[in-house]
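Here's the structure we're looking at; comments come further down.
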């Protein structure tokens, strides 16, 4: 079996695929000076989640709103984002994360000069809102010179579809949004399930399995099992990955977005590696057998899953880690604990 070809848009089936840098279903809301690049949505995750990147120069915020059922996350990779999230407001920089559960009022403002973020919404059908209010974008990065009036173009679309999408704008004249405030020392840990929170970049819990670190932004247990997001980090210098065995997650899709280095993934018993480079994305469909290796001195990939995925294998099968970067040498692996983790998570191990 040959490696997956590089695609520019997700296929309309539940299958594994590889997307090139800045690819995806690309949409721009007229006058927003920004672009959404949908990496996966309902068709690719059985309706569970949608994963996307977004980029923009300084533009107007969409307005204070909330969702009845949808969960929302913001993860900054470039520039700065000002986010009102419940009773807090923070300016987020690269590596910073925020979780917005249902019914929490929020409002994102991209401060620029060129801001890029990763986002996830659950359920995946929510992304149809972007498809309704946006238009296809074929440019390079973002439409910086799109000076059309955002409100005059957006409001008629919103009014026409106000009962179709889970987007509810805050219209109470007495509502007072929180003032921007400095980050608190406590914003370095995950919150209780269902609670909104900010997480400072490069903080939070860390888990290591052999030479593979998981730095979770949010666990599935915090979202009612709907999704999890983690930074997966390792190195080729360890001489082989503890994840270099065949694994199959029966009902969990994985979306691996590479931030640094080279991630290598084989699928379905193939002898050929899929090499996922910086900016590229690999979606591994639920039920697909795969194995992971790391192809450069340092590799950092963000994993988005619609349930307990590879990040939970590392947490349950590995150990808590106090360091802030991957260790100089891989730690010992308790194979009994790892086998129990695979069993608890229903992961099939063995031949493809």
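Details
- Taken over the range 89-99, the residue count meeting the criterion of being out of contact with any helix residue (DSSP H, G or I) (no Cβ under 8 Å at 6 or more places or on another chain) and outside any loop (DSSP other than H, G, I, E, B) is 6.
- Taken over the range 247-262, the criterion of being in a loop (DSSP other than H, G, I, E, B) and closer than 20 Å to residue 53 by Cα is satisfied by 253, 261, 262.
- Scoring residue 85 on the criteria (1) in contact with a helix residue (DSSP H, G or I) (Cβ under 7 Å, 6 or more places away or on another chain); (2) within 21 Å of residue 191 (Cα to Cα) leaves a single failure, condition (1).
- When 170, 189 are checked against the criterion of being surrounded by fewer than 18 Cβ atoms within 10 Å (Cβ to Cβ), modelled with pLDDT of 95 or more and in the same structural domain as residue 43 (by TED's automatic domain parsing), 189 stands alone in meeting it.
- Filter result (surrounded by fewer than 22 Cβ atoms within 10 Å (Cβ to Cβ), within 21 Å of the chain's Cα centre (by Cα) and over 19 Å from residue 278 (Cβ atoms)) within the range 244-263: 248, 250, 251
- Residues being over 26 Å from residue 124 (Cβ atoms) and surrounded by fewer than 19 Cβ atoms within 10 Å (Cβ to Cβ) - total across the range 201-212: 4
- Top-ranked residue of the range 7-16 - restricted to ones that are surrounded by 14 or more Cβ atoms within 10 Å (Cβ to Cβ) and in contact with a helix residue (DSSP H, G or I) (Cβ under 8 Å, 6 or more places away or on another chain), ranked as nearest to residue 266 (Cα to Cα): 15
- If you filter the range 213-242 down to residues that are at pLDDT 95 or above and over 19 Å from the mean Cα position of the chain (by Cα), you find that the one that is surrounded by the fewest Cβ atoms within 10 Å (Cβ to Cβ) is 237.
- Qualifying residue in the range 130-139 (condition: within 29 Å of residue 218 (Cβ to Cβ), surrounded by fewer than 17 Cβ atoms within 10 Å (Cβ to Cβ) and in contact with a helix residue (DSSP H, G or I) (Cβ under 7 Å, 6 or more places away or on another chain)): yes
- When residues in the range 100-129 are screened for being without any contact (Cβ under 8 Å) to a residue 40 or more places away in the chain and assigned to a loop (DSSP other than H, G, I, E, B), 2 of them pass.
- Test result for residue 325, at pLDDT 95 or above and surrounded by 21 or more Cβ atoms within 10 Å (Cβ to Cβ): no
- Condition check for residue 170: in contact (Cβ under 8 Å) with a residue 12 or more places away in the chain and under 30 Å from residue 330 (Cα atoms): no
The values are calculated or read from the model by the stated rules, or taken from the named source; none is laboratory data. All of these numbers come straight from a predicted model, not from anything done at the bench. We place every Cβ from the backbone using ideal geometry, glycine too, and count neighbours over all the protein chains shown.
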